[in-house]
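The values are calculated or read from the model by the stated rules, or taken from the named source; none is laboratory data. Computed from a predicted model, the values in this text were never measured in an experiment. Here the Cβ positions follow ideal geometry from the backbone for every residue, glycine too, while neighbour counts run over all protein chains shown. Remember, those area values only see protein heavy atoms, side chains included, never the ligands or the DNA or RNA. Shrake-Rupley method; radii C 1.70, N 1.55, O 1.52, S 1.80 Å.
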Amino acid sequence: MLVDSLIACTGSPGTGKTTLCLSLPMVLSMTHIADQEGCLGEVQSDGAAEIDIAALIESWQPPKSAIIDGHLSHLLPVDAIIVLRCHPDILRNRLEERGYSLEKIQANVEVELLGGPWNDLIAEERPILEIDCSLESPQAIVTQWIGDGCPHSTNADDAIDWLQNLAIERNAL
């Protein structure tokens, strides 16, 4: 698979970004990029470190081609965006397995429930591919999408709506 664009791989923590990116070529870590550019804050008690996005955008000289792994990568000047999503119940389990605090788990599940990165992408014109990674790996879908030249695949109106899906699931019980 040839990557000839700069592509963000974004999504809430636990949706599968790094797992997917381990199977793809030419991947750069958002955290590593921020650290190299001096835009990474101190690591907090929960293991996270803030990234100064504005300073990173100003200082970073992006490569022509790569996949950027990170839940804020869609904020960088990329050509296309992959948004990974995950059913909130499955996401909660994944974050619990990571040993996240209850507060951090709840915050991340709430962000996913409310649309995750879509809040930043409502009026986005760059190509976006949204994938539900709840039960299976998205590698084949992503490989095909990149091979097809990253066509426009998803818009905010077609985005996964976990609140609606959960309401349907609960009513079915």
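Can you confirm whether the range 112-130 contains a residue that is under 26 Å from residue 33 (Cα atoms), without any contact (Cβ under 8 Å) to a residue 12 or more places away in the chain and open to solvent by less than 60 Å² (accessible area, probe 1.4 Å)?
So far as the range 112-130 goes, no, none of its residues is under 26 Å from residue 33 (Cα atoms), without any contact (Cβ under 8 Å) to a residue 12 or more places away in the chain and open to solvent by less than 60 Å² (accessible area, probe 1.4 Å).
State all residues of the range 132-145 that are aliphatic (A, V, I, L, M), touching a residue at least 12 places away in the same chain (Cβ under 8 Å) and open to solvent by 10 Å² or more (accessible area, probe 1.4 Å); if no residue qualifies, say none. So that I can check it myself, show each step before the final result.
Initial filter on the range 132-145 (aliphatic (A, V, I, L, M)): 135, 140-142.
Now drop any that are not touching a residue at least 12 places away in the same chain (Cβ under 8 Å), which leaves 135, 141-142.
The answer is 135, 141.
Take residue 46 and tell me if it is part of a helix (DSSP H, G or I) and over 22 Å from residue 134 (Cβ atoms).
So residue 46 does not fit the description; no.
Within the range 66-80, how many residues are open to solvent by 30 Å² or more (accessible area, probe 1.4 Å) and of a type in the set (S, T, N, Q)?
Of the residues in that region, 0 qualify.
If you take the residues in the range 86-111 that are in a loop (DSSP other than H, G, I, E, B) and under 22 Å from residue 49 (Cβ atoms), which one is most open to solvent (accessible area, probe 1.4 Å)?
98
Write out, first by first residue and then by second, each pair whose Cβ atoms fall under 6 Å of each other, whose residues are 6+ apart or on separate chains, and whose first residue, in the range 78-96, is small (Gly, Ala, Ser) while the second is crowded, with 24+ Cβ neighbours inside 10 Å and not in a helix (DSSP H, G or I).
Matching pairs, first to second residue: 80/7.
Return yes when residue 14 is under 13 Å from the mean Cα position of the chain (by Cα), open to solvent by less than 20 Å² (accessible area, probe 1.4 Å) and over 20 Å from residue 153 (Cα atoms) and no when it is not.
Here the answer is yes, as residue 14 does meet what is asked.
For the range 107-149, which positions are of a type in the set (A, V, I, L, M, F, W, C) and in contact with a Lys or Arg (Cβ under 6 Å, 6 or more places away or on another chain)?
The answer is 109, and nothing else.
Would you be able to say whether some residue in the range 61-79 is over 16 Å from residue 118 (Cα atoms) and assigned to a helix (DSSP H, G or I)?
No: zero hits.
Only residues that are farther than 30 Å from residue 102 by Cβ and either modelled with pLDDT under 95 or out of contact with any helix residue (DSSP H, G or I) (no Cβ under 6 Å at 6 or more places or on another chain) (or both): list them for the range 33-59, please.
Passing the criteria: 33, 36, 38, 54, 55, 57, 58, 59.
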